[in-house]
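For reference, the structure is listed below as structure tokens.
The values are calculated or read from the model by the stated rules, or taken from the named source; none is laboratory data. All values derive from a computational prediction rather than experimental measurement. Note: ideal-geometry Cβ built from the backbone for every residue, glycine included; neighbour counts use all protein chains shown.
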Amino acid sequence: MGALVFFLLLTLGLSLWLGFQAVVAARSHRRTAEGILRDYADIAASEFARRTGDHLEVFFRELFDEVPWRIRRDPPPGPEVVAGELRTALRRLDCRCEALREEAAFFLLDLPSGRVESIPPDLPAAVTGRAVEAVRARWAADPEERIAFFTAPAGAVLEGPTALAFNVSLESSGEVGEGRAIYVIMAPLATVEELFSGWYREEALLPEVITKDQPNDSLLHLALLTPEGVPIFLSPRDDPRAFLTRDTLPPEYGGLIVEAAVRPDAASALVIGGLPRARLPLLLALMVMTMGVGVAALLQIRKEEELARLREDFISGVSHEFRTPLTQIRMFTELMADGKLRTEEEWKRSTAVINREARRLTHLVENILYFSRMGRAPASQGLRETVAVQDTLRDLAEAFAPLAQAREATLEVEVRPGDAVALAPRSGVYQMMANLLDNALKYGPRGQRVRVTGEVQGSRIRLAVEDRGPGIPPGERERIWDPYHRLQRDVEGVERGSGIGLSVVKRLAEGTGGRVWVEAREGGGTRFVVELPAAEGEA
């Protein structure tokens, strides 16, 4: 047993160790794959940031292309010089951008005079003033940047987030000297989304050898945000869970933030073998199953040991029960053979003892035979016959009279009505009552009175055996019907038993369509009750 437990524990330990190593390997593989995907996300973010900067540079050059030439006049030309270039700049970037064309506003701020012109001219003065002040503040923060793009939060210029681009023209040469004029284009931030989305879709953000001509949407999640975190453009972002990286555009491009992430479902296309799935749940399930098998094996071993112990107890108990009557029979037959019984009284006494012990042996053998048949076949109602209860119980009392006399006990038999008939095999009824009566005489006190009764109740007949023994503890009244089970006081007492008598009773009762139970008797002792089907008429 000890060696088997050791090997089971060793097997369990090895399983746990192998599972741990598998988890470590899977995590290492996953970290490597995630690192590769994060690198790809870095590449995508950097490429989109570069592409955005390049396109904004082209956009500014086209938009403010006429300003350096016309600024030579005095006064500086109005904002229409920029408004007229917007369509050309958008065509150069291959963007229809209808919303931007419809909602864009243009300003001229003449720096020496402070004069402001706007297109459309009916813009609210508050909006115009906030736009001009936002541009002046932005240029003052970095005077070197004469062309720039930036965003303003909601309420700073318009009610919603605002996109602004400006060009600062210097003295009449347009190249040197103090600032002379600022040209501004302003639009709601939402109107520039089409501009950036076109740059996202025009080419793959990852090398072709990696993407294999797959579009960006099938591989990446990408977002372009203002410094305040307001989205300007969002690619399909159903599941941006991992591998998220960031890149930031230079200040002249508004310090916009690019966020990129590789879609988890695209990992198999970008990494050989794909992103390994987490195997921890499966490994935990396997470990639990291994532990369960180990525990089941240990329980089975304990069960086998318990069965072996019960088998030994059974053999010991049966041997002890057989030894006592055999010793008595042998002793008296030897006295007869040696001619040491001289009187008729001694001969009668000897034959009575031999008869009593032979009956007892027969009863024990019948019990064992019934019990062995129980193990081979399930309980069955089988063959039924009509049994005269009163005759059967009287035969039983007559058979047990020698044993009752040896125990100085009194047997009483009472059946109401006297012609009660049970529907059951006669041998089964006899064996059940014999087991109960044998236990009552064996474990009860000397000189007790044992009552064997039968009573008809409707369609059932209740047969009972009442003794004045120590009784059955309430907690044991269900377990006593289990094979081999014996009360602790009986194990430690003088009387020995096989532990199968009551299990035979229960099986026989259920096989005839009846039932059996035990209850406490008034005044002390125990009352075993067998309930069987009643038959109509007389036996």
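The range 436-539 holds strands (runs of 3 or more DSSP E) entirely within its bounds, and those carrying 2 or more residues that are farther than 25 Å from A404 by Cα and either modelled with pLDDT of 85 or more or within 47 Å of the chain's Cα centre (by Cα) (or both) map to 449-457, 460-467, 526-533.
When you look at V318, is it at pLDDT below 80 and either assigned to a loop (DSSP other than H, G, I, E, B) or farther than 21 Å from L487 by Cα (or both), yes or no? In short, no.
Tally up the residues in the range 134-145 that are in contact with a strand residue (DSSP E or B) (Cβ under 7 Å, 6 or more places away or on another chain) and either in contact (Cβ under 8 Å) with a residue 60 or more places away in the chain or of a type in the set (K, R) (or both), please. Walk me through how you get there before you give the answer.
Restricting attention to the range 134-145, the residues satisfying the condition of being in contact with a strand residue (DSSP E or B) (Cβ under 7 Å, 6 or more places away or on another chain) are 134-135, 138-139.
Filter again for either in contact (Cβ under 8 Å) with a residue 60 or more places away in the chain or of a type in the set (K, R) (or both), leaving 138.
Adding up the residues that qualify gives 1.
Across the range 419-435, the number of residues qualifying as touching a strand residue (DSSP E or B) at 6+ places or on another chain (Cβ under 7 Å) and assigned to a helix (DSSP H, G or I) comes to 4. The lone criterion from (1) out of contact with any strand residue (DSSP E or B) (no Cβ under 6 Å at 6 or more places or on another chain); (2) of a type in the set (G, A, S); (3) under 20 Å from P251 (Cβ atoms) left unmet by A131 is number (1).
Do the conditions hold for A409, that is, is it free of Cβ contacts under 8 Å to residues at least 12 places away in the same chain, over 60 Å from the mean Cα position of the chain (by Cα) and over 17 Å from L463 (Cα atoms)? Steps first, please.
On the way: free of Cβ contacts under 8 Å to residues at least 12 places away in the same chain: no; over 60 Å from the mean Cα position of the chain (by Cα): yes; over 17 Å from L463 (Cα atoms): yes.
In short, no.
Looking at E102, E133, which is the one that is at pLDDT 90 or above and farther than 24 Å from T52 by Cα? Exactly one of E102, E133 is at pLDDT 90 or above and farther than 24 Å from T52 by Cα, namely E133.
Does R237 satisfy the condition of being surrounded by fewer than 16 Cβ atoms within 10 Å (Cβ to Cβ) and either closer than 30 Å to P75 by Cβ or at pLDDT 85 or above (or both)? So R237 fails the test.
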